[in-house]
Each structure stands twice: as structure tokens, then as C-alpha cells.
Amino acid sequence: MDRPEISPREAEVLAALREHLSNAQIAQQLQVSVRTVESHVSSLLRKLGAGDRRTLARMAVLAGESGPTAPRPSGIPGHRTTFVGRHRDMQTVLDRIGRAGLVTLLGPGGVGKTRLAVAVAETVVADRPGSVTFVDLMPVRAGFVLLALAGALGVLERPPRSLADAVIDRLRTEQSLLVLDTCEHLVDDIGPMVERILADCPGVTVLATSRQRLGVSGEHLVLVAPLPSDSDAQRLFLDRARAVSPDFAADPALLAEICTRLDGMPLAIELAAARSASLGADGLLAALDDQLLLLTGGRQADARHRSLHDVLQWSHDLLDEPERAMFRRLSVFVGGFDLNAASSVMPQRSRGELTDLIGRLVDKSLLTHRVTPDGRSRWRLLDTVRAFGEQQLDGAGEAAEVRLRHLHWAAATAQALAPDDRGDWATTFDEIVGDLRAALAHTDPAPDDTAYQLAVGLARLAFARGSFAEAREHYRAASARAGDATRAVRDLRHAADAAVIVSDGPAALRLLLEAADRAGATGDARATALAHAVIVAVRYAAEFAGPVTRAVRARLLRQASDATDGTDPATAAVLAAARAWHELGEPATSAAPARIALRAARRAADPALTALCLDALGTAAVQLGRPLRAHRVAELRIKVVFALSAHDPAGAAEITDAHHVAVSAAIAAGDLPAARTAVRRAQADDPVGSHPYLAMPRLIRVLALSGQFDEAVEAARALWDNWVRDGRPEMAWMSSALAAVAMVHGLRGDGQADRWRSRALEVAGHDDPRQSGDLAAVVAFADARIAVHTGDTRRAAALVERCTAVFPERWWEGYARAAGAELAVVAGLPDAADTLARVTPVASEHRWAAAVLTRARGRLSGDPAVLRQALGQWDRLDSRFELACTLALLPGQQAAGHSELAALGCSPPGRAVGTDEDDDHGP
């Protein structure tokens with residue numbers, strides 16, 4: 001039976017399913033929407049006859065063994081020609097990569113290093129499908145090696161985690177071969193990267209090709225020599241000659257002489273063989289004799305290097321003038337080109353003429369050709385050939401003109417390429433990004449409209465591709481090339497938004513202040529930049545080494561107000577937002593400034609600013625002890641950001657923050673079902689939703705509160721291990737998730753609670769949880785909840801006092817208040833009823849606290865009906881542990897409650913209601 005045809009995009013989805021990725025993770029990796037992934041999965045289920053997703057994943061593993069359903073190994077270039085000879089070299093390399101972490105194929109340009117590496121990669125992947133990643137570094141400039149590697153692996157930036165850490169995390173558990181092709185111009189970048197891969201990823205072997213060693217400890221060198229003239233070199237010549245002229249034949253001695261004159265260099269042999277049809281073996285040898293003698297004056301000590309150059313020169317001299325012009329002008333493309341790109345540097349030629357010229361250069365082995373998965377033709381010059389072409393371009397005096405044409409092509413292409421959910425744009429971008437970067441690098445940081453269009457287009461595309469740090473630098477480059485202050489200020493603001501995405505508030509502040517300076521002494525642009533600087537200083541204060549003081553913020557606000565006449569609604573709205581956030585730098589006394597700012601943002605019809613002002617309103621609600629209000633505002637904000645583009649820096653920053661706050665606000669309101677929904681929604685729609693340091697803490701908090709203890713503990717272990725491996729970066733916001741897991745261990749009584757509490761304190765950067773804004777309330781809650789469950793009430797009075805204190809951060813306040821009140825009841829404190837009454841108002845703003853307080857009233861009164869009411873509340877919250885604890889307090893339900901607690905790894909609660917032994921003591 002014929003195998004069904006699947007599209008290239010379906011093949012990519014199938015490969016991701018083999019790695020057991022979720023739809024959200026696949027969407028992030030392929031830069032498409034979750035809905036698009038769902039459509040592809042449905043199509044694959046239908047085409048492959050799979051009953052469910054798990055079956056499809058198993059089929060994906062088997063698909064690598066045969067047939068068209070298997071996606072091509074990552075990045076291994078295809079070849080139209082056969083691989084000739086080098087059997088001993090192949091075996092040597094295969095043997096070395098089985099024993100060494102780094103193997104470098106070393107040799108001069110044109111000796112066949114890349115072709116050998118491809119053959120090795122194809123051999124390895126035939127035995128272990130999906131185990132090879134091939135990274136072509138020829139078009140990559142210094143500073144972009146990590147991005148090239150990440151792109152080949154399908155790894156995107158997940159700020160604030162570094163891209164290097166994300167790459168290492170991807171490779172850490174793999175058993176794979178990583179091929180780095182053409183390293184010689186990037187040795188300083190590649191060496192440290194390879195050293196880290198070898199240290200942290202024991203299952204990865206690196207195979208490099210280079211003209212010089214990488215200088216990494218443990219590097220094994222395999223010297224790639226020219227082909228023997230009496231065997232492999234002749235076979236290669238015949239193979240390539242017969243590709244041009246199938247009937248080609250020559251005396252073996254004559255072939256040996258030709259190959260000897262070419263020093264067995266494969267590229268030189270291929271170039272010469274391409275001329276065999278027109279010259280014959282005799283004519284070819286005579287031409288080589290004349291050319292080599294003319295160019296070198298006889299044989300030189302560096303004959304291998306000279307022979308390649310000489311054959312390139314000879315091949316070039318045999319071209320007619322249109323072919324020569326085409327050849328040298330195409331050398332400007334570092335990463336390959338299509339017909340439109342070729343036309344940009346040869347505008348005087350028709351497309352038909354260009355196609356003919358390109359075909360002739362391919363026939364003469366000066367260009368290589370490939371067809372992309374979607375059927376497009378692309379060509380490129382091998383690095384040695386391109387370097388020779390650049391020499392010809394300089395010698396012809398055309399370099400300045402062609403580079404200018406290249407710049408105009410790059411700018412137009414960057415502007416025309418539009419990110420979309422299909423992901424096709426990303427494939428195109430990856431093909432041309434090397435040329436876009438190279439074209440920009442040839443421009444000066446001075447006003448120039450074409451260079452500006454390229455810089456801003458490249459920044460936009462890099463941001464949409466998930467390369468946030470690179471996008472920031474391109475936006476800065478755009479500001480330097482802008483011809484007016486308005487565009488420069490806008491680009492610096494985009495750079496600041498890109499810094500926010502990677503959790504670099506200090507950089508964002510510096511960029512906004514730079515934008516204000518660029519705007520001049522007055523004007524709305526200056527006012528807006530200064531206002532946003534105030535907002536960043538408060539909104540992302542946790543990212544600063546020290547707070548931006550109120551006095552500094554007030555000075556910036558005054559400067560912003562003085563810079564504008566107040567007539568522009570958009571500027572007035574940003575200023576109102578800055579005033580609202582300025583007031584939130586200290587505990588809020590009113591939500592009025594945020595409401596005023598929200599009305600102004602809506603009048604200005606700016607959805608990103610509206611989302612920002614809604615965040616201010618929600619933050620004010622939390623500070624004023626109104627978590628339910630904050631939760632409702634956060635859900636409204638989600639609806640607003642739905643209209644924003646994740647490819648726009650300002651929009652993406654708001655989308656990411658909105659999803660983060662939506663989960664936090666749902667937890668702050670004790671609405672566990674809403675929190676679970678928000679977690680799933682963030683995984684699907686947040687531009688950085690799969691980042692472990694953002695997504696995992698959110699998930700852990702919800703799992704711990706919902707009673708999914710095993711899942712919470714497993715996730716926390718993974719989070720901690722990643723954090724330690726990544727060098728313990730400053731991420732205090734994770735600490736409350738670890739404190740929640742410490743509570744889980746305390747409820748289980750497994751002796752691990754203190755360890756996890758210490759870990760939470762380490763992440764928070766404090767020795768005392770009471771001094772930590774992130775931990776004070778959650779640790780008080782955890783201690784009280786453990787005491788209630790275990791019946792250890794020896795420190796009950798002090799714990800209740802901690803739970804009812806004023807907290808620097810109020811996100812966990814409702815949990816602490818309710819747990820403290822229940823502890824007062826369980827401990828039989830004299831003022832338990834008063835404590836319960838004081839805390840009761842919390843119930844109107846907090847569903848989890850409401851259920852706890854209902855149970856506490858049932859304990860205090862001994863009324864099973866009240867406990868059954870609490871049972872219903874816990875059932876609606878779907879909190880498994882709390883439901884079991886409440887069951888264990890009800891007459892006739894203790895056994896069921898104890899059984900459920902045992903399944904969670906917990907002992908029965910310290911006290912029970914309605915049992916004979918407890919009847920005299922009340923609940």
C-alpha cells in the first residue's frame with residue numbers, strides 16, 4: 001500500500017510529536033499558532049490512520065526508519081552528486097566520533113571537508129534517525145554562532161533564561177551528533193561554546209570542519225588530505241566528467257597526470273571535469289599546463305593551495321564576459337540566493353537571461369543548486385569559490401556598486417517579509433538572515449534611509465523569530481541610521497520593549513532615557529519616553545539591583561510634563577499612566593490614579609497602553625486588599641491583549657505580562673479552576689509561555705494548592721535542577737513556588753520541608769522569610785497549614801500573629817489569613833472566635849479562604865452541616881487534598897478521607913470531628 005503524502009510542515013509537526021511535545025510547545029518551536037498545530041495533528045491522524053495522539057507519536061518514531069513520512073535530518077545538505085572515495089577517512093571519523101567528544105576535520109579549502117562531514121552525518125542518521133544536527137556556519141558572522149545553532153536545533157529564546165542555557169538544556173539529555181561546518185572564521189566564538197557543550201552534554205559528540213583547529217581541550221584532529229591521484233581522484237574526475245558528458249573516456253595515465261597537476265584537490269578536480277566535454281582529456285591537460293605555468297611560474301612549495309586558486313582562475317578565464325560578470329556579482333551573497341536576489345545585482349539582465357547564466361555556472365561547478373521543500377530553487381557559491389569571486393569583484397572596481405545593490409535588495413526583502421501564523425516566513429528568514437546581517441554590517445551608523453529600512457526590518461523579523469536580544473541591537477542600529485528624531489525615538493522604545501521581554505529592566509530604562517535625549521529638549525516624543533521610563537522603574541523594580549527612588553521618579557515625571565503642552569491625547573494618556581505607576585512605587589492608598597489613566601488610554605484608543613493601565617489597576621487592587629477585583633481586571637486585560645500582535649515588541653511585552661498576571665491574580669483570589677485555565681491559556685498564547693522559569697513556577701503553585709502533590713514535587717525538582725545548572729540566576733519570583741512545595745513536603749511529613757524552605761529562601765535572596773516580600777505571606781501560610789494538618793500547635797499563637805500581620809506583598813495574604821484563623825480554632829486559642837471574625841471579610845475576595853473559613857467555623861461549632869458546606873466549596877475548587885481533609889472531619893466519612901490522604905502520601909489530620917474520642921472536646 002502506498003504511503004500517504006504529507007507536507008513539509010506536517011513532517012515538522014510529526015518530528016515534534018516524536019519528542020512528545022505539547023501543541024503549545026510545537027507552536028512555539030515552529031512559530032505558528034496552536035490552532036494551526038491542531039489542524040496539522042488532525043490531518044496526520046487522518047492520513048496515517050492513527051487512533052490517538054499517543055499512537056501518532058509511536059508512528060513518528062518508526063517513521064524515521066523508512067518512507068516519506070520521516071522528516072529529513074536537521075540541516076544535512078542534500079547533494080546532486082555521488083560521494084566518491086574516502087572510505088578509510090570515513091571509517092576513521094566514525095571511529096573517532098564513537099570515542100571522542102570533539103572531532104575536527106582539518107584541511108585547506110576545497111579539499112572536501114564538508115562533503116566528508118555530510119557523508120558521516122548521513123551514515124550516523126541512517127542508524128539513529130533524528131540524531132544529527134548539521135549547522136552550516138559559512139554565512140554566519142562573528143557574534144551570531146549561538147543564534148545559528150539555536151535555529152538549527154529549533155530552540156527559541158525563553159527570557160529571562162539565556163539562549164545559551166536553552167541550547168544546553170535541549171542538548172543535555174540527547175545522544176546525538178552535532179556537525180559544525182566551516183568554523184575557521186568563527187573559532188573565537190565556537191571554542192567556548194563547544195567547551196560548554198562537551199562539559200554539560202555528555203551524550204553529544206561534535207564534528208567540526210575547519211581550516212584551523214578549534215583549540216578546545218580534548219579535540220581530536222582528522223587531517224583531510226587530497227585524494228590519491230592514482231585512485232580516488234581519478235574516480236571523482238570520471239564521475240563528474242560523465243555527469244557532463246556520459247560518454248567521456250580517457251586513458252588512465254592521462255587522468256592520473258591531470259589529477260596530479262591538480263594535487264588531488266576535489267574542488268579543483270570538479271571544476272576541471274566540468275570542462276572535459278568541450279576540451280577532452282588531452283586539451284584539458286594542455287590547458288592546465290599552460291595556465292599553471294603562466295600563473296605560478298612553476299610549482300611552488302604551497303602547491304595544494306596554489307593549485308586550487310589557479311584552477312579557479314583558469315575556470316574563471318574560460319567564462320565569457322556575461323558569465324564572469326554574473327559570477328563576481330553573485331559573490332556578494334553570503335548565504336545563497338534565489339532568482340529575485342540575483343536579479344537585484346544584475347538588473348540589466350532579463351529573468352530568462354539570468355536563468356541561463358546561472359545554469360551555465362552550475363554546469364561549470366561554480367554554483368551549487370538545491371530545491372527547497374516547498375519547491376523553490378536556491379543557489380550558492382562554496383566559501384572558497386565565493387572568496388575568489390569577491391577578489392574578482394574588487395578587481396573589477398564594482399564592489400561599491402554591487403554592495404549598494406545588495407543593500408537595497410536586503411532592505412526591500414526585509415520590509416516585504418511579513419511574519420504570520422503559517423511559519424513559512426520563518427523558513428525564508430532563516431535562509432536570508434545571514435545576508436541581511438552582512439548588508440547591515442557594511443553600513444555606517446549614520447542617517448541613511450536604505451540602511452534604516454534594513455535595520456528596522458531585520459529587527460522586526462528577529463523579534464518575531466524569537467531572537468529578542470538580537471532584535472534589541474538591530475533596533476538600536478536603526479535609531480542610529482534614522483534620518484529624524486521621531487523614528488529614532490520610536491526604535492529606541494522598541495529596543496526598550498525588547499529588553500523588557502528578556503527581563504532586563506535596567507537596560508530598558510537606559511534605552512528610554514537615551515530616547516528622551518534623542519527627542520530633544522521638548523516635545524511629545526520626549527515626554528512619552530520619560531513617562532515610560534517612570535513606568536519601567538516601578539513596574540519592573542524587581543529586576544533592578546536597587547530601587548529607583550521616589551525622588552528620581554518624581555524628577556523624571558516633572559521633566560516629562562514640562563516637555564509637552566498636553567494637547568495630544570496619546571501623550572496625555574502615557575503621562576497619566578506614568579503618574580499611576582509612580583504612586584504604585586509605594587503601597588497604594590487609592591486606585592483612582594490607575595482609573596484615570598485607564599480612561600485616558602481608552603480615549604487614546606491604544607490597546608497596548610490600555611493593557612498597561614489595566615495592570616496598574618490590578619496592582620492597585622492587590623495592594624488595597626482586593627484580590628478578587630484584581631482577578632477580574634486581569635481577565636479583562638487578557639481580552640484586551642488578544643488584539644495585540646506577539647510580533648510587535650510593545651504588544652508582546654503586554655501579552656507576556658498579562659498571562660503571567662492572570663495566573664497570579666487567579667491564585668491571589670483563591671480561584672483554582674480559573675488559575676488552571678490561565679496556566680493552559682498561557683502555554684498556548686504567551687510568546688514565551690513555555691519558558692521553564694516563567695511557566696513552571698505558575699504551574700507548581702496551582703498543582704500544590706490543588707492537591708496534585710506528586711506532579712508539584714516532580715516539577716519543582718526539574719525547576720531547581722535547571723536553576724542550579726544555569727548558575728543560580730536572580731529570579732526571586734520563583735521562590736513562592738518552592739515554598740509551596742516545602743508545604744507539600746510538610747503535609748506529607750517526609751522530612752524534606754526544611755530543605756525546600758531553604759531553597760525558597762536562597763532563590764529569594766533572603767535568610768528570613770519575614771524580610772522577603774516574595775515569601776513572607778506564603779511561608780506564614782505554609783507553616784500554619786502544616787500545623788493545622790499535623791496538630792502541632794506548640795507555636796500556634798506566634799504563627800497566628802504572623803498570619804495576620806501586614807505583609808510587604810499581598811498576593812498570598814488571603815491564604816495566610818485563613819490558615820491562621822483555622823489554626824487558632826484547632827489550637828483552641830482563647831481568641832479563636834475573635835480571630836475568625838476578624839478574618840471573615842477575606843472570604844468575599846478569596847474563594848480558597850472562604851472554604852477554609854467555612855471549615856474553621858464547622859470545627860469551632862462542631863456542626864457537621866457547616867463542614868458539609870465546606871466540602872462542597874472544596875469540590876467546586878477541585879482541591880483534592882483539602883477535600884480529603886474535610887472528609888476526614890465528617891462523621892462516617894473519616895475512612896474515605898484517610899484513604900484519599902494516604903493516596904496523596906499524607907497521614908490523617910491531627911484532629912477529627914464526630915469520633916467517640918473527640919465528642920467531649922468538640923471539633
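The values are calculated or read from the model by the stated rules, or taken from the named source; none is laboratory data. Owing to the predicted nature of the structure, the values given are computational and were not obtained by experimental measurement. Backbone-built Cβ (ideal geometry, glycine too); neighbour counts: all protein chains shown. Protein only, heavy atoms only, side chains kept; ligands, DNA and RNA dropped before computing areas. Shrake-Rupley method; radii C 1.70, N 1.55, O 1.52, S 1.80 Å.
Here are some notes:
- Structure-based [θ]222 nm, the chain - -39500 (n - 2.57) summed over DSSP H runs of at least 4, per residue, nearest 500: -20000 deg cm²/dmol
- Across region 339-352, rounded Karplus estimates of 3J(HN,Hα) from the backbone phi angles (6.51 cos²θ - 1.76 cosθ + 1.60, θ = phi - 60°) give 5, 5, 5, 4, 4, 5, 9, 9, x, 6, 9, 6, 4, x Hz, Gly and Pro being marked x.
- Cβ-placed point charges (K, R +1; D, E -1), dipole of region 486-605 about Cα centre in debye, nearest 20: 260
- Listed residues ALA525, GLY218, ALA580: farthest to the positive end of the dipole of the chain (Cβ charges): ALA580
- For the residues SER344, SER861, a 1.4 Å probe over the protein chains yields an accessible-area ranking, largest first, of SER861, SER344.
- The chain - charge dipole about Cα centre, Lys and Arg +1 at Cβ, Asp and Glu -1, debye rounded to 20: 1500
- Accessible-area value, SER278, 1.4 Å probe, nucleic acids and ligands omitted, Å²: 90
- Considering only PHE807, LEU556, GLY457, the residue lying farthest towards the positive end of the dipole of the chain is PHE807, judged by Cα position with unit charges set on Cβ.
- On a per residue basis, region 465-517 carries 32 Å² of accessible surface, using protein heavy atoms and a 1.4 Å probe.
- Highest-first arrangement of 373-383, 777-787, 720-730, where packing means the average Cβ count within 10 Å: 777-787, 373-383, 720-730
- Averaged per residue, region 518-661 has 42 square angstrom of accessible surface, using a 1.4 angstrom probe with ligands and nucleic acids left out.
- The phi torsions of region 701-709, fed into the Karplus equation with coefficients 6.51, -1.76 and 1.60 and a -60° offset, translate into couplings of 4, 5, 4, 5, 6, 7, x, 8, 5 Hz, rounded to whole numbers, with Gly and Pro shown as x.
- For LEU221, the residues 5 or more places off, or on other chains, whose built amide H falls under 5 Å of its own are THR104.
- Here region 316-349 and region 731-783 have alpha carbon centers that stand 64 Å from each other.
- The chain: antiparallel DSSP beta bridges as a percent of all, rounded to 5: 20
- Integer Hz, Karplus 6.51/-1.76/1.60 couplings in order for region 474-489, x for Gly and Pro: 5, 5, 5, 4, 4, 4, 6, 9, 5, x, 8, 5, 4, 5, 4, 5
- Shown here for region 641-718: chymotrypsin sites (Phe, Trp or Tyr not before Pro) in loop regions (DSSP other than H, G, I, E, B) with at most 13 other Cβ atoms within 10 Å, namely PHE642.
- Cα centroid separation - region 654-725 against region 374-388, whole Å: 46
- Dipole size of region 174-282 about its Cα centre, with +1 on Lys/Arg Cβ and -1 on Asp/Glu Cβ: approximately 160 debye, rounded to the nearest 20.
- Relative packing of peptides 225-232, 244-251, 630-637 - highest average C-beta neighbours within 10 Å first: 630-637, 225-232, 244-251
- Once the Cα atoms are used to define both axes, helix 753-764 deviates from the longest principal axis of the chain by about 60 degrees.
- Solvent exposure ordering (accessible area, 1.4 Å, most first) of ARG213, ARG370: ARG213, ARG370
- Close amide H partners of ILE76, meaning residues 5 or more places away or on another chain with modelled amide H under 5 Å apart, are PHE134.
- Selection among ALA674, MET743, GLN771 by position relative to the dipole of the chain gives ALA674 as farthest towards the positive end (Cβ unit charges, Cα centre).
- Accessible carbon and sulfur surface of the chain relative to its total accessible area, %, 1.4 Å: 50
- The candidate values were (i) 107, 74, 61; (ii) 115, 68, 50; (iii) 114, 79, 64; the one computed from these coordinates for Cα extents along the principal axes in Å carries the label (ii).
- Once the 1.4 Å probe is applied to the protein heavy atoms, region 770-923 comes out at 42 Å² accessible per residue.
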